[in-house]
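Where a number appears in this text, it was derived from the coordinates with a stated rule and is not lab data. Just so you know, these numbers come straight off a predicted model, no measurement behind them. Cβ sites come from the backbone with ideal geometry, for glycine too, and all protein chains shown count toward neighbours.
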Amino acid sequence: MSENTRSATPMSRQIAEHHSLLDRTLALPRPILVMLSVLLVGFAMSQIAIGYLVISGQLDGKWYDIRDLGNAMISLDGVIQNSEMDSRIASTLAYLIPTLAGATGIVSIVGGWLLIGPWVERRLIAKFQIRQGPNRTGPFGLLQTLADALKLMQKEIIIPSGADRFLYFVPPVAVFIPAILGWAPIPWSPKMSYADLDVGVLFVIAISSLGVLAVFMAGWASNNHYSLLGAMRTIAMMISYEIPISVSLLAVVLLTGSTKLSEIVLWQSEHGVWLVMLIPFAALAFLFASTAEINRTPNDIGEAESEIVAGFYTEYSGMKAGLFMGVELANAILVGALMSTFFLGGYTMFGLETWIPGYLILATKIGLVYFLFVWIRATLPRFRLDQLMGFAWKFLIPVSIALMFLTAIESSILVRWDVPNFLSLGLIGLVNITSAAGLTFVWLRVLFRDTDLSTPPAPILTREMGGLQAAKVLRG
Amino acid sequence: MDSPGIVIGFYMMAGLALGSGTLVFLARNLLHALAFLVISFLSMAGLFLTLSADFIAMAQILIYAGSISVLMVFAVMLTPLASRDNGNTIYVLPGLLAAGGIATFVGFLALDTSWSGPATDFTTTIDLIGNLLLGKYVLAFEIASVLLLFALIGAIMLVQTSSSDQEEGEADD
Amino acid sequence: MTEIYELIFEIGLMHYLIVSGSVFGLGTAIALGKRSAIAVLMGIELMLNGSILALLAFSRFPQNTSSDAGLVDGHVFVVFILSVAAAEAAVALALSVLVYRKRETVDLDRINLMRW
C-alpha cells in the first residue's frame, strides 16, 4: 500500500524523493540479495557454456537445440517415419503433432498476453502519467486482470429487445479470428513458423480485411442507431487504412523480392540491414495505419468512451464486451509481430540469433513495438473522424503510392547493380529518407495552401450561429 | 490428390459452400443471407486452396469477403426503406428449374466424361501469374486497370447529389 | 468396390466440376428468383464463383498437354474475373442506390417502367 495517499508536496518533490530501481533493489533484505547474486552468477556461467556449445557447433540440428524448436519437430518426424507404423497413420501423425503443438503455442501466446496485457498497459500508461497504476489487487496489482475478468463474467447479459439473434452472438467471437489467424505465417526461428505460406504477405492483408465484417455485424445486430453510426464510422476508417498497409507491404515485397515472410526476414539478415532503415516512410505508414486498423489511440474514435459511449459494442454486456476490449490488445501484439517481421528484421539480430534463441529476440521486438504503441496512446490525443479520413485519403495514400514507385525503381536498380551492399543500400536509404521528407513537406504545403496554419479558426458557439438551425444558416 | 488432408478439406469446404449457398436462398432476412454469402465466399477460398491456387484464394478472401461484402453491406444501409425480407418473385419456380437443369447438366457432363491426365504440380503460382500478367497478357491487364478506374469514377459520379456533399462515407471499392 | 473407393477418396476433376456446377446453379436460382436487387447481385457473385472454381480445376488438371497454354493461364483469367466482378458489383450497387432514391424501393417487381 502506498503511503502518499493525500500528499501536499508538489509533484517535483515527490519525483525527487522517489527512490530509483537500483536503490530499491539494494535495500532488499540480505538473503534475497545473496540468492539474486547466486542466480546471476549461474546465469552468466550457463551463457558461457551455451557459447562454447554454439561456437564448437555441437548444438546444431539436435533435437535439444532450443534455439529453434523446429528441430524437435523434425526429429519427431524422423522417429515417426522410421518406426513400424502403417504409412497412413504415420503421415497423419507426422502432420497432426506439429500442427497441434503450433496451434497450442499460438493460442497460449495470445491467451497469456490477454492475462498480463491489461496490467502491463495500465501500469505503463500510469508511469507515463506519473502516477501508479493498479496496485491494490494482489502484489503490485498483478491480479487486476483476473478481477476484471471475473467482474465481466458475472455481469448480467442484457440482450437488446430487437436484436437480431443470429447476428448478435457471432461478432465477439468473429473479431478474434483475424487476431489469432494472423500469427500463422510469422517466423519465430528459421524452422519455426506455423504456416509459412508462399503468399504470406497477401494472407496478412486478407486476414486484416475480415475484421471489418465482424464490426459491422456487431453494430447492426444491436438494433441501436448510435451503435450503427459507430460501426459505420469504424468500418469507414478500417477500410480506408487498409490501402496504406497494402502499399507499404508492397514496397517491402518489391525490395525483398518475395511474398514469403521467412524470406523477407532472411533478406534482411543477409543484407545486414533492417527495412525500417531503407523505407522509413513505409514503416511509419504501416505503423500508423495499423493503429487505425486495430482501433487504438490515437485512432480509436469509433469506440472511445468519451465520444460515443462504446461505439459498435455499446449494447454488449459482460464478457462479450470484454472480448471486444481484449481483441484490441491481441491485435496490438499481432501488429507488433508483423512490424517486427517486416521492418525490424524479425528473429534475426545481425548474428545474435545463433546465441540467443530467435523467438526470444522476436518477443523482445514485439515488446518494444508494443511499448511504442502504449507510449503513443499515453501521449497523443485522439483524432477526429474527418481528420483521420482526410489524412488517409489525402496524404497517406498518394504519398505512399509515390514513394512505392520510387522503391520499385530502386529495387530494379538494386538487382542489376554490382556494388557492395553498403554502398547500394546506403544510397537507397538516403534517397528514400530525403525524398520522403521532401515529398511530405511539399505535399502538405500543397494541401494546406488555402488555410492559414498560424491562426487556426477559433471555435464558434452554436448559439451564435443560430442555435439548432445552424445547419440551415450554413447552407444559406 | 488422395492425401487425407485434401480429401477431408475438399468435402468440408464443398459441403460448407453448398450448404451456405442454399441458406442464402432460404434465409428470411437480407442480412442473414449476406452473412451466409460471406461464409460461402470463405469456403470457396478453401476449395481454391485444395487446388493449390494460393494467390487466387487470398485474392478471393481480400476482394470478395473483404470488399464486395462490405459494398453490399453499405448498399443495404443506404436503402433503409427497401424491404429486407429476402422474398422470392413469381419467377422463382422457373428459376429453380433452370438452376436445377444447369446443375444436372454440368454434373452429368462431369460424371460421364473420362477425364485424362494427372494433376500438375504447382509449387507456387504467384511468380508464374506475375510473369504472365506482365508478359503475355499485359494488354488485358492494362485494360482491366482502366476498367477499374472507370468503375471507381463512375460509381462516385453516379451517387453524387447535385447540390452539396451530403453523401460522405461512400464505399468506392 | 475399389471403384467407389476411388470415386470417394481420390479427388479428381469430376468432383470439382460437380461442385462448380452446383454453386453455379445455386447462383442462378438466387439471381432469377429473388425480389431485391441486392439479393440478385448476391446470386450473380455466386455464379462468378462457380465459374472461377471450374477454371481453377481445369488449370490444375489440364486436359490437353500439347497446347501452348501455360500452367497458370487459368489463374490469370481468374484475376481478370475478380477485377471485373469487383467493378460490376460497385457499379450495380451504385445503380441500385440511385434507383432507390427515385422510387424508394429496390424491389425488382416494382421497377417495371419498361414493361408495358
In nm, the gap between the two label points placed 7 Å beyond Cα toward Cβ at A:Ile116 and A:Asp77 is 3.1 nm
Let me have the relative contact order for chain C, percent, based on Cα pairs under 8 Å that are six or more residues apart. 25 percent
Those chymotrypsin sites (Phe, Trp or Tyr not before Pro) from segment A:325-404 that are DSSP loop and have at most 16 other Cβ neighbours within 10 Å turn out to be A:Phe350, A:Trp355
Spin-label pair A:Ile460/B:Lys136, simplified geometry with 7 Å Cα→Cβ offset, distance in nm: 6.3 nm
Just to be sure I understand: with springs between alpha-carbon atoms less than 10 Å apart, which residue in B:Ser43, B:Ser145, B:Ser52 has the highest mean-square fluctuation in the Gaussian network model of chain B? B:Ser145
Name the most mobile residue of B:Asp121, B:Asp54, B:Asp85, meaning the one with the largest mean-square fluctuation, in a Gaussian network model of chain B with Cα contacts below 10 Å. B:Asp121
Would you please give the residues with an amide H less than 5 Å from that of A:Trp188, counting only those at least 5 places away or on a separate chain, with H modeled from the backbone geometry? A:Ser193
Calculate the spin-label point distance for A:Val446 paired with A:Val41, positioning each point 7 Å from the Cα along the beta-carbon direction, and give it in nanometres. 6.8 nm
Based on the Cβ-Cβ distance of A:Leu430 and C:Glu104, what FRET efficiency does E = 1/(1 + (r/R0)^6) give at R0 = 45 Å, to the nearest 0.05? 0.15
To the nearest 0.05, how large is the calculated FRET efficiency for A:Leu439 and B:Ala98 if R₀ is 45 Å and r is the Cβ-Cβ distance? 0.20
Over chain A, the sum of -39500 (n - 2.57) across DSSP H runs of at least four, divided by residue number and rounded to 500 deg cm²/dmol, gives at 222 nm -21000 deg cm²/dmol
Magnitude of the Cβ-charge dipole of the protein assembly as shown, K/R +1 and D/E -1, about the Cα centre, nearest 20 debye? 2380 debye
Between beta-carbons, use under 13 Å as the cut-off and find the net charge around A:Ser269, counting Lys and Arg +1, Asp and Glu -1. -3
Lys/Arg Cβ at +1, Asp/Glu Cβ at -1, dipole of segment C:2-103 taken about the Cα centre: which of C:Leu56, C:Leu41, C:Ile18 is farthest positive-ward? C:Leu41
DSSP-loop GluC sites (Glu not before Pro) across segment C:24-116, with at most 15 other Cβ within 10 angstrom: C:Glu104
Given the C-alpha centroids of segment B:54-126 and segment A:370-448, what is the distance between them in whole angstrom? 39 Å
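Hey, got the average number of other protein chain Cβ atoms within 10 angstrom for residues in B:35-47? Walk me through the numbers on the way to the answer.
Working: counts 8, 2, 8, 3, 0, 7, 3, 1, 2, 9, 2, 0, 9.
For this peptide, the per-residue mean of nearby foreign Cβ atoms is 4.
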Tell me, what HN-Hα J-couplings in whole Hz come from the Karplus equation 6.51 cos²θ - 1.76 cosθ + 1.60 at θ = phi - 60° for each residue of segment A:414-429, using x for Gly and Pro? 4, 6, 9, 9, 9, 10, x, 3, 4, 5, 5, 5, x, 5, 4, x
Report relative contact order for chain B in percent, whole number only (criteria: Cα-Cα under 8 Å, sequence separation at least 6). 20 percent
Neighbour-count order for A:Leu40, A:Leu323, A:Leu266, fewest beta carbons within 10 angstrom listed first: A:Leu40, A:Leu266, A:Leu323
Sorting check: for A:433-443, A:15-25, which peptide has the highest mean count of neighbouring beta carbons within 10 Å, and how do the rest follow? A:433-443, A:15-25
Residues A:Ser227, A:Ser46 arranged by fewest to most Cβ contacts within 10 Å: A:Ser46, A:Ser227
Averaged over peptide C:106-114, how many Cβ atoms belonging to another chain are found within 10 Å of each residue's Cβ? 2
Quick check: Cα centre of segment A:238-279 to Cα centre of segment C:1-51, how many Å? 38 Å
Those residues of segment A:39-71 whose amide nitrogen sits under 15 Å from the label point placed on A:Thr25, 7 Å along Cα→Cβ: A:39-44
Pairwise FRET efficiency - C:Asn64 versus B:Phe108, Cβ, R0 = 25 Å, nearest 0.05: 0.70
Can you work out the PRE-style zone for B:Tyr91? Point 7 Å along Cα to Cβ, and I want the residues of segment C:1-37 with backbone N under 11 Å. C:31-35
Anchor B:Lys136: lysines whose Cα lies under 30 Å away (excluding residues fewer than 8 positions away in-chain): A:Lys260
With contacts defined as alpha carbon pairs under 8 Å and 6 or more residues apart, what's the relative contact order of chain A in percent? 16 percent
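Please say if chain A is rounded, prolate or oblate, where rounded means a/c under 1.5 for a ≥ b ≥ c the square roots of the C-alpha gyration tensor eigenvalues, and otherwise the choice is prolate for a/b larger than b/c and oblate otherwise?
Values: a/c = 1.43, a/b = 1.25, b/c = 1.14.
Because its axes are fairly even, with a/c under 1.5, chain A counts as rounded.
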Taking N as the residue count of segment B:1-158, its alpha carbon Rg divided by 2.2 N^0.38 Å gives 1.29
Is there a simple number for the mean count of other chain Cβ atoms within 10 Å of the Cβ of residues in A:207-220, and what is it? 4
Which of A:Leu96, A:Val247, A:Val369 sits closest to the plus end of the dipole of chain A, meaning its Cα is farthest towards the positive end, when Lys and Arg get +1 and Asp and Glu get -1 on the C-beta? A:Val369
